[in-house]
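The values are calculated or read from the model by the stated rules, or taken from the named source; none is laboratory data. Just so you know, these numbers come straight off a predicted model, no measurement behind them. Methodologically, a virtual Cβ is constructed for each residue, glycine included, from the backbone with ideal geometry; neighbour enumeration extends over all protein chains shown. To get the accessible areas, we keep the full protein, side chains included, count just its heavy atoms, and leave off ligands, DNA and RNA. Shrake-Rupley method; radii C 1.70, N 1.55, O 1.52, S 1.80 Å.
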Amino acid sequence: MGKGRKQMNDDFAKLLKNLRISKGYSLKQLAERSNVTPSYLNRLERGERKRPTFSVLEHIAEGLNVDVNVLLGLDAKDTNEPLSLEEMFFTNEIEFERKLLSADQKEVLLDILQEVLVADATSVEQLLVALKRIGELIVELKES
């Protein structure tokens with residue numbers, strides 16, 4: 001790697017994007033809040049840039065109102081702070097049947113869980129819509 005800088009993995013890209021979306025920020029809004037250009041944020045989210053400086057990570061963390069350790073993927077298990085679903089999924093390795101899940105698989109699992117948690121079950125029609133979407137996500141997961 002050189003110069004002691006660690007390359008971020010695909011989980012970082014997914015975590016960053018999911019944290020931004022969960023906060024309701026567009027790339028432009030996060031850029032304004034963090035003083036990092038929207039194009040650089042976009043490249044980070046797509047995994048095209050994998051070695052942001054610590055200073056950039058600090059700015060992004062401040063813009064997202066999260067601890068920089070979250071973006072670094074450092075173990076948050078020892079803190080008393082609750083983890084968001086995004087933090088839980090993308091700052092930890094998740095194993096299923098002795099295989100580590102990829103960042104893409106974690107993202108689809110997160111989408112499934114979010115759909116289940118927000119599903120509108122006030123009517124049969126709304127429940128069927130939610131179940132259809134969950135089924136589509138399950139197919140996507142199986143294909144990834």
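Numbers at a glance
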| quantity | calculated |
| --- | --- |
| Qualifying residue in region 71-88 (condition: acidic (Asp, Glu) and either touching a Lys or Arg at 6+ places or on another chain (Cβ under 7 Å) or at pLDDT 85 or above (or both)) | no |
| Residues of region 47-74 classified as outside any helix (DSSP H, G or I) and either within 18 Å of PHE89 (Cβ to Cβ) or of a type in the set (Gly, Ala, Ser) (or both), total | 5 |
| Test for LEU83: is it assigned to a helix (DSSP H, G or I), open to solvent by less than 100 Å² (accessible area, probe 1.4 Å) and either out of contact with any His (no Cβ under 8 Å at 6 or more places or on another chain) or aliphatic (A, V, I, L, M) (or both) | no |
| Residue in region 96-107 that is farthest from PHE12 (Cα to Cα), counting only those that are of a type in the set (A, V, I, L, M) and open to solvent by less than 80 Å² (accessible area, probe 1.4 Å) | LEU101 |
| Any pair with Cβ under 6 angstrom, 6 or more apart, that starts in region 9-25 at a residue that is closer than 19 Å to GLU48 by Cα and open to solvent by 20 Å² or more (accessible area, probe 1.4 Å) and ends at one that is at pLDDT 90 or above and part of a helix (DSSP H, G or I) | LYS17/GLU45; ARG20/LEU30 |
| Condition check for SER123: within 30 Å of ASN65 (Cβ to Cβ) and among the hydroxyl-bearing types (Ser, Thr, Tyr) | no |
| Out of LEU110, LEU127, LEU131, LEU117, sole residue that is open to solvent by 60 Å² or more (accessible area, probe 1.4 Å), closer than 19 Å to LEU83 by Cα and assigned to a helix (DSSP H, G or I) | LEU117 |
